[in-house]
Amino acid sequence: MTEPQRPPEHAQRAAWPMVGACTVMVMMGFGAINNIAVFLLPLGMEFHWPRADLSLAYAIATLGTGIGGVVMGHFADRMPIRRVVLCGALAPGIAFLLLSTLHSTAELYLYHALLGLLGLGAIMAPLNSVAALWMPRRPGLAIGIVSAGGAFGQGVMPFLARHLVMALDWRQAYMALGVLSLAIMIPMALRIRNPPPSPAGSAPAVAPAAQRFGAKPSWLLAWLCVAVLFCCVCMATPIVHVAALGSDLGLGGRESAGLLATMMVCGMAGRLAFGRLADRVGNLQSYIVASGGQTALAVLFPLMQTRAELYLLSAAFGLVFSGAMTAFILCAREYSPPQRTGLSIGVVMFFAWFGMALGGWQGGLFFDLCGSYGPSFANASAGGVANLLVLGLLYLVTVHRPRRAAHAVA
């Protein structure tokens with residue numbers, strides 16, 4: 001994809017509807033990938049599968065999303081975006097309909113692989129990339145809005161699923177979610193298109209990463225991938241296990257689902273806020289602030305004793321984890337080589353989803369081994385610390401050292 005410096009007037013008018021369509025698509029995709037947080041308990045009760053096995057479904061879906069993001073990001077740089085996102089519109093609905101017929105863990109894993117590989121994998125990286133191209137002068141706001149849709153979907157879709165499970169049963173809930181996904185996502189996918197090319201001869205909006213930072217884009221992206229992996233280990237554990245943690249502490253089904261909904265609704269505000277912050281102070285600086293917040297808060301979840309404490313902590317965590325997600329997408333875009341934005345975001349998102357897979361799976365594993373969530377959430381914060389160490393290295397290379405060089409020249 002090329003990055004237009006000054007889009008034509010008609011493109012400026014179309015930018016907001018296009019970003020809105022991207023937002024709805026990401027909302028539905030994220031809601032689909034996060035369904036296991038709600039179906040964890042009913043599937044465990046019916047089939048007597050341990051939580052580690054059920055959490056592995058989320059790990060497979062997130063790994064599939066990462067692989068799909070790399071492949072689809074590559075294609076999004078080379079073909080009309082609509083062809084890519086139509087695949088992402090069909091896969092979640094089909095996967096939900098197949099999950100309604102579930103009888104074995106093999107089927108559970110296969111259908112979650114479909115959710116990730118051809119579903120959110122065809123949506124997340126390509127649509128974040130194209131949304132930023134539609135709003136080249138405010139890319140942080142554009143990606144913040146699209147990411148906020150993901151947070152909304154992560155909270156509202158599982159909350160809806162919980163009500164469907166309680167009103168019907170888990171099989172009919174999956175079937176209803178499949179029909180809803182197809183009805184919403186296909187029309188949205190048909191609306192999305194690439195932005196018009198920039199005027200002939202226009203200069204790129206920013207210098208390449210190698211000129212600005214004195215480092216190769218591949219080096220910066222490699223270290224960003226390492227940071228994002230540890231970041232998402234920290235991020236995934238509360239997201240996947242907060243509803244089950246609430247149930248273990250005596251909260252009812254709706255109250256437990258409400259914890260995740262609260263986290264994700266607050267995440268909408270966090271993604272917008274950190275997107276705007278990134279436009280003002282820098283992408284990496286915004287990422288460090290958000291990562292520090294989620295690292296400090298993750299370890300506190302098993303220490304909460306009341307419903308009010310859990311809801312407050314979930315809200316605070318939602319604000320910062322969502323900001324981290326927005327910021328690292330912006331960093332990937334900033335460090336990207338020219339003409340490879342979609343692929344670069346896809347590669348970084350692969351490591352993000354690998355971290356999400358590891359974080360969600362280890363949460364269930366250590367719960368099964370220890371009988372409590374204390375070690376699981378401690379591991380999450382340890383991942384956050386590792387992430388901050390790598391971000392500190394990137395800060396020295398991309399922010400601190402260039403500033404010192406500029407002052408020395410002055």
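Read the figures in this text as sums done on the coordinates, not as results from a lab. Note that this is a predicted model, so its numbers are computed, not measured. Note that we place each Cβ from the backbone using ideal geometry, even for glycine, and neighbour counts take in every protein chain shown.
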Practice prompt. Take region 229-357, drop everything but the C-alpha atoms, weight them equally and run the Debye formula without solvent; then report log10 I(q)/I(0) at 0.14, 0.16 Å⁻¹ to two decimals.
Written response: -0.61, -0.76
Worksheet item: Counting only complete DSSP H runs, which helices of the chain cover 20 Å or more along their long axis at the Cα atoms and score a mean Kyte-Doolittle of 0.0 or above?
Response: 9-33, 51-76, 81-99, 139-167, 170-191, 217-248, 253-281, 283-298, 307-335, 341-370, 374-395
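Calculate for the chain the 222 nm mean residue ellipticity that helices alone would give, adding -39,500 (n - 2.57) per DSSP H run of length 4 or more and normalising by residue count, nearest 500 deg cm²/dmol.
Working: 16 runs with 326 residues, N = 410.
It comes out at -27500 deg cm²/dmol, rounded to the nearest 500.
Let me know the charge dipole size of region 1-157 about its Cα centre in debye, to the nearest 20, where only the beta-carbon of Lys, Arg (+1) and Asp, Glu (-1) is charged. Intermediate values should be presented prior to the final figure.
Numbers: 8 positive and 6 negative charges, 115 e Å.
Dipole of region 1-157, to the nearest 20 debye: 560 debye.
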Worksheet entry | Extension gain from ALA183 to ALA14, taking 0.36 nm per residue of separation minus the Cα-Cα distance | 58.5 nm
Response to the item:
Rh_Kirkwood(the chain) over Cα pairs, Å, one decimal, evaluates to 20.9
